[in-house]
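The values are calculated or read from the model by the stated rules, or taken from the named source; none is laboratory data. From a predicted model like this one, the values you see are computed outputs, not experimental measurements. Here the Cβ positions follow ideal geometry from the backbone for every residue, glycine too, while neighbour counts run over all protein chains shown. The accessibility values were calculated without ligands, DNA or RNA, using every heavy atom of the protein model including side chains. Shrake-Rupley method; radii C 1.70, N 1.55, O 1.52, S 1.80 Å.
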Amino acid sequence: MSFRTVGYHGYALQFSPYAGQRIACAGAENFGISGSGILYILENTPDGVEAVRSFRWKDGLFDVSWSEHNSNFVITASGDGSIQVWNIAASQQGPVSVWQGHSKEVYCLQWSQVRSEQLVISGSLDKTMRLWDPVRSEAVSVLTGHEQIVYSSVWSPRIPGCIASTSGDRSLRVWDIKSPGGAKISIAAHDSEVLSCDWCKYDSCVLATGGVDGLVRLWDLRNPKEAVRQLTGHENAVRRVKFSPFSASVLASCSYDFSVRLWDVKVGDTPLETVSNHSEFIYGVDFNLHNPGQVGTRLNAFAGHINTDETS
């Protein structure tokens, strides 16, 4: 099943943590170089993927995250350096709040997955990450240390206050927001820009990274001097990596080579499955949290097209 975002290129997506059939997708006109952005709220129905709401913004939208505290709230990252908070149940078309702080494009954001925290992390072309208090709608801390654009910033699902980030400076860094003084761990993760990272949901010390070099690498923070595994096969940059919420060893990756690959990192560097039915760069991949029977389900946003695939 597929949905075409006419006039916009999809940059990021996330299944709702509250309703498995609901998906948020952020997009931009003209590959984000100029023009406006759009947030789609989609429903995956037996008849296909349908847009139930859409919201436009004056600049491109490059990332999206659902609130972990309210099923109707979604946040987006914009090319104008701001973050928007949307109430998808409200009749108004504009955001309910706009957070200002970054001086350049915001490329990544995520709501903390630890219920005791009410915090958001964002990363930007201005080389910083900012920690936001959604209640006060303001930044409460700025994390510095990356030397180039911050492409991904991801909360640990198991350790409160812990964040992993990747950057154009080729590094993977791990931060403790309770302890000032910069990143606690810095790893030269790839010989190219590192576009994505994700935490294993079952092991608090294991992360995956994806780089412009087309490689996926697995890291164990207990011994971060070298990757514990390298997955090869992508023929172009790996734009996003995502661990399964149902298995400690299953990982999905999507690439500018128009493919999505599903791996079992315990088996080796041969993917369990490769899906190559797309005709443009693939920017996003996610698992449906609500259906353990759909461990291989992928939803990919790319070049104005969203596609859902299901494997048993």
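Residues whose amide H falls under 5 Å from that of Val228, counting only those 5 or more places apart or on a different chain, are Leu218, Trp219, Asp220, with hydrogens built in the peptide plane. Label separation (Thr45 vs Ser97): 3.3 nm, computed from points 7 Å beyond Cα along the C-beta direction. In terms of packing, defined here as the mean over residues of other Cβ atoms within 10 angstrom, the peptides 271-277, 58-64 line up highest first as 58-64, 271-277. A simple rule links phi to the HN-Hα coupling: the Karplus curve 6.51 cos²θ - 1.76 cosθ + 1.60 with θ = phi - 60°, which for segment 235-242 gives 9, 8, 3, 8, 7, 8, 10, 8 Hz, with x for Gly and Pro. Taking 30 Å as the straight-line reach from the Cα of Lys104, the lysines in range (excluding those fewer than 8 positions away in the same chain) are Lys58, Lys127, Lys178, Lys184, Lys242. In whole percents, the pair-distance distribution calculated for the chain from its alpha-carbon pairs, binned every 10 Å from zero, is 6, 30, 39, 22, 3, 0. Annotation: per residue accessible area for the chain equals 39 Å², rounded to a whole number [probe 1.4 Å, protein chains only]. When the Cα centres of segment 75-95 and segment 190-255 are compared, how far apart do they sit, in Å? Taking the Cα centre of segment 190-255 as reference, the centre of segment 75-95 is 30 Å away.
Highest average first, the peptides 220-226, 209-215, 6-12 ordered by how many other beta carbon atoms sit within 10 Å of their residues are 209-215, 6-12, 220-226. The candidates Ile149, Ile177, arranged from most to least accessible area with a 1.4 Å probe in the full protein assembly, appear as Ile177, Ile149.
For segment 33-182, the equivalent ellipsoid derived from the Cα gyration tensor has semi-axes of 26, 18, 15 Å, listed largest first. Kirkwood analysis of the Cα pair distances in segment 140-247 returns a hydrodynamic radius of 13.8 Å. Expressed as a whole percent, the accessible area of the chain that falls on carbon and sulfur atoms is 46 (1.4 Å probe).
Remind me, relative contact order of the chain in percent, using alpha carbon pairs under 8 angstrom and six or more residues apart? It comes to 13 percent, rounded to a whole number.
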